[in-house]
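Structure first, commentary second.
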Amino acid sequence: MFSLSQDNIPTSPTSNKGPVKYGELIVLGCNGSLPNGDKGRRKSRFALCRRNKANGVKPSTVHSSCTPQAAKAISNKEQHSISYTLSRAQTVVVEYTHDCNTDMFQIGRSTETPIDFVVTDMLPGGQDQVDGQAVQSTISRFACRIICQRNPPYSARIYAAGFDSSKNIFLGEKAAKWRMQDGQMDGLTTNGVLVMHPHHGFNQDSKPGLWREISVCGNVFTLRETRSSQQRGRMVDCESNKLMDGSLIDLCGTTLLWRTAEGLSHTPTVKHLEALRQELNAGRPQCPVGFNTLAFPSLSRKDVLDEKQPWAYMSCGHVHGYHSWGGRRNPEVEAECQERECPMCRSRGPYVPLWLGCEAGFYVDAEPPTHAFVPCGHVCSEKTAAYWSQIPLPHGTHTFHAICPFCIQLLSGESGCVRLIFQSPLD
């Protein structure tokens with residue numbers, strides 16, 4: 001995953017080499033690849049490129065009752081349609097027709113062929129179980145769809161729900177749905193599709209925006225009281241479903257970062273992160289107690305503890321080599337989460353190994369890795385750590401919490417990150 005494959009090389013959408021790239025979706029919690037490896041349509045990042053033949057669709061005819069034409073639209077596997085069940089006696093069917101100017105990409109938990117990017121629930125540390133129990137997924141089988149303009153400026157818009165193998169979307173009686181002033185129907189999916197657009201783009205000046213919910217027709221709403229409430233939020237007319245560089249998409253179980261092709265062209269490459277790692281190691285940081293030289297392992301060994309691995313006290317940021325003394329045993333706390341007392345400043349807190357953040361798409365700048373997220377110990381640039389530390393991500397059905405983008409562990413401490421203090425060699 002850390003070789004410079006075509007997927008890793010940022011390209012401008014106007015590049016003459018290869019297909020036009022609209023952008024990429026990157027799964028939060030994946031530090032360069034899925035925990036069990038990238039396989040087929042299930043991977044840590046997915047590039048949306050212009051298709052050989054347009055497959056976009058747009059709404060056309062509305063059938064307000066169960067007419068033969070409506071029944072035909074639903075049963076016709078060559079006809080896209082959305083069915084809104086208002087009651088047992090009434091279903092509104094909206095036919096969708098081919099749009100030669102757009103490409104459609106679908107995201108969801110289903111492995112059926114209409115899904116271009118298969119996503120699964122992400123848990124901190126790449127777990128797929130909690131207390132030995134398999135996690136019940138809250139991600140919709142056909143969660144959302146992204147429609148990209150095939151011509152400049154290649155804008156991408158997101159819509160809740162995706163078409164199934166029969167090219168249908170069904171919103172049952174219990175789903176939130178309503179008729180709009182122009183006669184068109186709209187609705188929300190069970191657990192919703194939430195989107196957050198950052199202010200000032202995705203760079204070192206970025207600030208988090210407000211979380212909104214996107215409807216089946218792409219309208220923007222304030223959040224519901226709880227994730228699956230049947231009462232929709234207030235419509236926000238002044239905002240749109242158009243994705244921008246750095247937009248976050250939450251599917252209630254996994255969160256995706258949207259990076260435009262233009263944005264990726266200004267993002268550090270894996271090669272650059274490797275150069276920063278080598279530069280950091282070339283400074284020969286030392287353990288201030290054992291005086292042994294520390295070194296960050298290569299990106300290809302990002303999850304393997306090394307004997308030269310830097311460790312740090314998360315309360316103060318002092319970097320050491322591994323040692324087993326200074327802990328206060330607590331049988332209710334796992335060994336790696338034990339609190340330790342820093343021998344340099346006597347502050348107490350988690351003592352953890354440091355890991356470089358390897359997913360370049362999460363970086364807002366190309367500066368050296370100087371800060372670590374608390375308490376997981378993933379290391380990145382100061383501005384990157386500060387940005388992610390202030391983003392409240394959906395957690396559960398109605399709470400929000402800042403996380404580390406590399407492992408999605410909940411952040412703690414006053415700022416969610418700490419500046420690392422390295423000891424230079426004495427010679």
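Some observations on this one:
- In segment 285-318, residue farthest from the chain's Cα centre (by Cα) [restricted to those that are among the basic types (Lys, Arg) and surrounded by 14 or more Cβ atoms within 10 Å (Cβ to Cβ)]: Lys308
- Looking only at segment 273-309, and only at residues there that are touching a helix residue (DSSP H, G or I) at 6+ places or on another chain (Cβ under 9 Å) and of a type in the set (Gly, Ala, Ser), the one that is modelled with the highest pLDDT: Ala295
- Cβ-Cβ under 8 Å pairs, at least 6 apart or on other chains, segment 224-238 side among the hydroxyl-bearing types (Ser, Thr, Tyr), far side in a loop (DSSP other than H, G, I, E, B): Thr226/Thr397; Thr226/His398; Ser228/Thr190; Ser228/Asn191; Ser228/Gly192; Ser228/Thr397; Ser229/Ala176
- Residues satisfying the stated conditions in segment 80-111, i.e. modelled with pLDDT of 95 or more and acidic (Asp, Glu): Asp99, Asp103
- Looking only at segment 61-78, and only at residues there that are surrounded by fewer than 18 Cβ atoms within 10 Å (Cβ to Cβ) and within 22 Å of Gly218 (Cβ to Cβ), the one that is modelled with the lowest pLDDT: Ser64
- One residue stands out among those in segment 133-171 that are aliphatic (A, V, I, L, M) and in a strand (DSSP E or B): the one that is farthest from Val20 (Cα to Cα), which is Ala134.
- Of all residues in segment 173-207, those satisfying the criterion of being assigned to a loop (DSSP other than H, G, I, E, B) and closer than 14 Å to Ile249 by Cβ are Thr189, Asn191, Gly192, His197, Pro198, Phe202.
- Within the option set Asp365, Asp427, being assigned to a loop (DSSP other than H, G, I, E, B) and modelled with pLDDT of 95 or more holds for one residue only, Asp365.
- Qualifying residue in segment 183-192 (condition: charged (D, E, K, R) and surrounded by fewer than 22 Cβ atoms within 10 Å (Cβ to Cβ)): no
- Complete set of residues in segment 392-406 that are in a loop (DSSP other than H, G, I, E, B) and crowded, with 22+ Cβ neighbours inside 10 Å: Cys404, Pro405, Phe406
- Gly233 in a loop (DSSP other than H, G, I, E, B), within 30 Å of Asn76 (Cα to Cα) and more than 20 Å from the chain's Cα centre (by Cα): no
The values are calculated or read from the model by the stated rules, or taken from the named source; none is laboratory data. Just so you know, these numbers come straight off a predicted model, no measurement behind them. When we count neighbours, we look across all protein chains shown, and the Cβ atoms used for this are built from the backbone with ideal geometry, even at glycine.
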